[in-house]
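The values are calculated or read from the model by the stated rules, or taken from the named source; none is laboratory data. The structure displayed is predicted, hence computed values, not measured ones. Using ideal geometry, Cβ is built from the backbone for each residue, glycine included, and neighbour counts are taken over all protein chains shown. The protein model used for the area step is the full one, side chains on, heavy atoms only, and it has no ligands, DNA or RNA in it. Shrake-Rupley method; radii C 1.70, N 1.55, O 1.52, S 1.80 Å.
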Amino acid sequence: SDLPDYAAAAIAASGIRDVHIVGRRTAADVKFTAAELREIGQLAECETVIDPADLAVPVSAADTRDRRLREKNLAILRGLAAGPHGGKPKRLHFRFNLTPVAIEGGDTVEAMLFRRTHPRDQGSQERLCCGLVVAAIGYRASPLDGIPFSASRGL
């Protein structure tokens, strides 16, 4: 893991039992490497929770290599969704097709509100109770010669 020791110690002491990784797009669009997904399946104290319906998505890609990588990731995610379940004290939930709408709470986070973007339930909303939100939306790019760049957005 790239996680610093002090952060890992704080998480271990926190009592966190459920982590939700929420993506705006489909499971075919995840940017994990196959190795990262396989490692998630090998966590000793954490099981993976994925709705199999979220994995029934078509794979479209501009080139053969990208299509192959997407298909491999979906196959690993399907294996994780198949189980086994119920034997580990912690859970990592993968959620797809959810766009954040609001963070609810007063002095502390109480929940996140999402809008569903999957065609089967597009536009409906979902509320996820939580006590912490960590935004992890892509990477900040560096400018390249000859290519337009927005410094404020890092794009």
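Quick notes
- For the chain, the solvent-accessible area works out to 69 Å² per residue, with a probe of 1.4 Å and every protein chain left in place.
- Magnitude of the charge dipole, the chain, Cβ model with Lys/Arg +1 and Asp/Glu -1, debye to 20: 480
- For the chain, the pair-distance distribution built from all alpha carbon pairs, in bins 5 Å wide starting at 0, is 2, 7, 13, 17, 18, 19, 13, 7, 3, 1, 0 percent.
- Of all accessible heavy-atom area on segment 28-71, the percent that carbon and sulfur account for (1.4 Å): 53
- Given their separation in residues at 0.36 nm each and the Cα-Cα distance between them, GLU36 and ALA61 gain 6.9 nm when the chain is fully extended.
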